[in-house]
Amino acid sequence: MNVTVVWAAPGVQDVVPVTLPTDATVADAVVRSGLVERYALDSSRLAFAVFGSRTPGEAALVDGDRVEITRPLVADPQ
């Protein structure tokens with residue numbers, strides 16, 4: 001199965017295509033992408049989304065999914 005893992009921050013946008021087994025989870029895709037290590041992200045503060053919808057790390061993926069690594073907001077959006 002092929003998915004894409006995305007990390008975006010001010011001044012950075014990284015898109016990594018990843019090939020995974022059919023029973024892979026969101027967390028598996030994030031680990032395989034290497035983005036947490038590359039950008040020294042604090043994994044305890046990260047959350048995930050698939051095509052913009054919040055998703056837990058243990059959620060199953062399907063071929064073609066776009067996994068987004070999200071970070072906490074720095075300001076209240078209201």
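Residues in region 1-56 that are among the polar types (S, T, N, Q), more than 10 Å from the chain's Cα centre (by Cα) and under 17 Å from PRO72 (Cα atoms): GLN13, SER43, SER44, SER53. The residue that is surrounded by the fewest Cβ atoms within 10 Å (Cβ to Cβ), among those in region 44-58 that are of a type outside the set (Gly, Ala, Ser) and part of a strand (DSSP E or B), is ARG54.
For region 1-32, a tally of residues being within 18 Å of GLY52 (Cα to Cα) and among the small types (Gly, Ala, Ser) returns 4.
Under the condition of being under 18 Å from ARG71 (Cα atoms), open to solvent by 40 Å² or more (accessible area, probe 1.4 Å) and either of a type outside the set (Gly, Ala, Ser) or assigned to a strand (DSSP E or B) (or both), the residues counted in region 5-27 number 5. Taken over region 61-78, the residue count meeting the criterion of being of a type outside the set (Asp, Glu), exposed (fewer than 13 other Cβ atoms within 10 Å of the Cβ) and in contact with a strand residue (DSSP E or B) (Cβ under 9 Å, 6 or more places away or on another chain) is 3. Of the listed requirements (1) among the aliphatic types (A, V, I, L, M); (2) more than 11 Å from VAL3 (Cβ to Cβ); (3) in contact (Cβ under 8 Å) with a residue 60 or more places away in the chain, LEU46 misses just one: (3).
Looking across region 29-43 at every residue that is touching a residue at least 24 places away in the same chain (Cβ under 8 Å) and of a type outside the set (Lys, Arg), the one that is surrounded by the fewest Cβ atoms within 10 Å (Cβ to Cβ) is identified as TYR39.
The values are calculated or read from the model by the stated rules, or taken from the named source; none is laboratory data. Only a predicted model underlies this, so the values are computations on that prediction, with no experimental measurement involved. Virtual Cβ from ideal backbone geometry, glycine too; neighbours counted across all protein chains shown. Keep in mind that these areas ignore ligands, DNA and RNA; they rest on the heavy atoms of the full protein, side chains included. Shrake-Rupley method; radii C 1.70, N 1.55, O 1.52, S 1.80 Å.
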